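Chemist: The structure is given below, and queries will be raised subsequently.
What follows draws every value from the coordinates through simple rules; no lab data is involved. Because the structure is predicted, anything quoted here is derived from the model rather than measured. Counting neighbours? That spans all protein chains shown, and the Cβs are built from the backbone with ideal geometry, glycine included.
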Amino acid sequence: MRGVWRENPVFRQALGLCPALAVTSTVANSLAMGIATFFVLISSSLLVSVFKRIIPHEVRIASYVLIIATFVTIVEMVMAAVVPDIHKALGAYIYLIVVNCMILSRQEAFASRQPVGRAVVDAAGTGFGFVIALLMMGGIRELLGSGALLGVNVFGPSFEPWVIMSLPPGGFFTIGFILLGFASYRHHRSSRVMKRSLALDPQKVT
């Protein structure tokens, strides 16, 4: 569960930022990229854990990349056949899943050292955290950038869209404000804990 929030790959570990910043202009694109990455992460973790004793240590990274690339190719072909519009919108970022640091780090740090069950559960938690991060960014950017959510007008015809939120700089602004909000929340929470501690023990020196 740590990968879902406490160690969220985007907001806490700053991994997978390329797709998080580039494809989150809409919720549909964010969801498609999140699901694709989720599938690749779980599938590659499963395979790496199964073959961890067979893969030579000297070529382990190359082997992990080959395994990841295999599942990315599957995802790319399925998306091209099922959702061609989203496939076209995501473009080269689908192929960049192969070099996503989040996926490669889970193979090296966890899947290659743990039993299959634990590797899959770890991948599911991290992948779900990645999906949550992309959906948060996609929802904020689409809402402010077009006044709609999944094509449904939310703010009405009088709303003036923030065009910049639909452009690449909007990704930087969005993740910056989200991280600022989390940091502010953690600061206020630690302040409340400290005040409560001092109220119970006035002699305590911070």
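Chemist: Search the structure for amide H atoms under 5 Å from the amide H of Leu149, placed 1.01 Å from N in the peptide plane, and list their residues when 5 or more places away or on another chain.
Modeler: Val154
Chemist: Would you mind computing, in nm to one decimal, how far apart the modelled labels at Ile61 and Phe159 are, each placed 7 Å from Cα along Cα→Cβ?
Modeler: Simple spin-label model gives 4.5 nm for this pair.
Chemist: Follow-up. Going by average Cβ neighbours within 10 Å, how do the peptides 73-83, 168-178 rank, with the highest at the top? Present the calculation step by step, with values, prior to reporting the outcome.
Modeler: Numbers: 73-83: 14.3, 168-178: 15.8.
Per-residue mean Cβ counts within 10 Å order the peptides as 168-178, 73-83.
Chemist: A further question on this structure: Can you work out ³J(HN,Hα) from phi for every residue in region 41-46, in order, using Karplus 6.51 cos²θ - 1.76 cosθ + 1.60 and θ = phi - 60°, giving whole Hz and x for Gly and Pro?
Modeler: 5, 5, 5, 5, 5, 4
Chemist: [x] 18.2; [y] 17.5; [z] 18.7: which one is Kirkwood radius over Cα pairs in Å as calculated from this entry?
Modeler: Working out Kirkwood radius over Cα pairs in Å from the coordinates points to [z].
Chemist: With just the Cα atoms defining each centre, how far is region 52-109 from region 144-169? Give it in Å.
Modeler: One Cα centre to the other: 32 Å.
Chemist: Apply the Karplus curve 6.51 cos²θ - 1.76 cosθ + 1.60, θ = phi - 60°, to the phi angles in region 146-152 and return the couplings in whole Hz, x for Gly and Pro.
Modeler: In residue order, the calculated couplings are 9, x, 10, 9, 6, x, 9 Hz.
Chemist: Could you work out how far apart the two model spin labels at Ala69 and Leu180 are, taking each label as a point 7 Å from the Cα in the direction of the beta carbon, and quote it in nm?
Modeler: Calculated label separation equals 4.1 nm.
Chemist: Divide, for region 57-115, the radius of gyration over alpha carbons by 2.2 N^0.38 Å, where N is the residue count.
Modeler: Compactness ratio reported: 1.29.
Chemist: How high is the relative contact order of the chain, given as a whole-number percent (alpha carbon pairs under 8 Å, six or more residues apart)?
Modeler: This gives 32 percent for the chain.
Chemist: With n ≥ 4 as the cut-off for DSSP H runs, can you work out [θ] at 222 nm for the chain, using -39500 (n - 2.57) per run divided by the number of residues, rounded to the nearest 500?
Modeler: Roughly -21500 deg cm²/dmol at 222 nm, from the helical runs in the chain.
Chemist: To the nearest 0.05, how large is the calculated FRET efficiency for Tyr95 and Arg192 if R₀ is 30 Å and r is the Cβ-Cβ distance?
Modeler: Approximately 0.05, to the nearest 0.05.
Chemist: Give the long-range amide H neighbours of Val10: residues separated by 5 or more places, or on another chain, with amide H under 5 Å away, using H modelled in the peptide plane at 1.01 Å from N.
Modeler: Amide H neighbours of Val10: Leu15.
Chemist: May I ask which residue of Pro115, Leu17, Phe128 lies farthest towards the positive end of the charge dipole of region 17-198, with charges of +1 (Lys, Arg) and -1 (Asp, Glu) on Cβ and the Cα centre as origin?
Modeler: Of the candidates, Pro115 comes out farthest on the positive side.
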